[in-house]
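As structure tokens, the structure follows; a few thoughts come after it.
The values are calculated or read from the model by the stated rules, or taken from the named source; none is laboratory data. Every value quoted in this text rests on a predicted model; they were computed, and no experiment measured them. Neighbour counts are summed over all protein chains in view; Cβ atoms, including those assigned to glycine, are modelled from backbone coordinates with ideal geometry. In case anyone asks, the SASA skips ligands and DNA or RNA and just uses the protein heavy atoms, side chains included. Shrake-Rupley method; radii C 1.70, N 1.55, O 1.52, S 1.80 Å.
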Amino acid sequence: MDLRCYCVTSGTSRATVHTAAVAAAAGCGMVQVRAKEATAAELFELACAVAEAVHRANPNTMVLIDDRADIAYAARLAGAPVAGVHLGQDDLPATAARDLLGQDAIIGLTTGTLELIQAAQTNIGVIDYLGAGPYRTTPTKDSGRPPLGVDGYPALVEASQLPVVAIGDITADDAEALAQTGVAGLALVRGIMHAPDPAAVVKRVLAAF
């Protein structure tokens, strides 16, 4: 599980699948398939397409599904190389997702406050890593939590026995400063998906670690 550069997809088109594969080929360790407005059928189709394309580009890159443990389970059952799920605070409990997906699955959980980080520590052995954000306010997701900024991460990292991934409108320009906070990696949505050269962004983030 290489969390240093973590790509979160946007959109449901062929361009989404292509960009995810380009990021994987450049060394991105994690790809999360996120399409909050998609139907279950659309998300399943997208998940399978992204997982297959990413696996061809880089078999070491792990593909997770955002929110939907059931879609991750269905995709795995269909033979797609999906590694697991990333859960939000309002999604299926991590213990239930673990029971559904099995011990080999990767399960992440969204946090972003010290209280949420501390609560997640009770699920060590169930959860594999924590997402923490937003780094700055982002139009792609309204968490209702205040932005952490660079200074917000060291305390969260110190409070967690699980690796912490920063997320929230992060760009390659933020990578060096954030890497110094102790986070295990950076999750980028628009920073990769809308970049003119996604591969270059991935390489810059990896270089920061």
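Only a single criterion out of (1) out of contact with any Cys (no Cβ under 8 Å at 6 or more places or on another chain); (2) without any contact (Cβ under 8 Å) to a residue 40 or more places away in the chain; (3) part of a loop (DSSP other than H, G, I, E, B) is not satisfied by LEU109, namely (3).
Pairing residues of the range 189-208 that are over 18 Å from TYR135 (Cα atoms) with residues that are open to solvent by 30 Å² or more (accessible area, probe 1.4 Å) and β-branched (Val, Ile, Thr), at Cβ distances under 8 Å and at least 6 apart in sequence or on separate chains, gives PRO198/VAL22; ALA199/VAL22. Residues that are closer than 14 Å to ALA199 by Cα and in a helix (DSSP H, G or I) within the range 18-59 comprise HIS18, THR19, ALA20, ALA21, VAL22, ALA23, ALA24, ALA25, VAL54, ALA57, listed in sequence order.
Looking at the range 60-94, which of its residues are farther than 27 Å from PRO154 by Cβ, open to solvent by less than 50 Å² (accessible area, probe 1.4 Å) and not in a loop (DSSP other than H, G, I, E, B)? Scanning the range 60-94 gives VAL63, ILE65, ALA69, ILE71, ALA72, ALA74, ALA75, GLY84, VAL85. Entry remark, the range 143-170: residues being in contact with a strand residue (DSSP E or B) (Cβ under 7 Å, 6 or more places away or on another chain) and farther than 21 Å from ALA119 by Cα number 1 in total.
Can you name every residue in the range 1-17 that is open to solvent by 30 Å² or more (accessible area, probe 1.4 Å) and assigned to a loop (DSSP other than H, G, I, E, B)? Across the range 1-17, the qualifying residues are MET1, ASP2, ARG4, SER10, GLY11, THR12, SER13. If you go through the range 95-126 and keep only what is surrounded by fewer than 21 Cβ atoms within 10 Å (Cβ to Cβ) and within 16 Å of the chain's Cα centre (by Cα), you end up with ALA105, ILE106.
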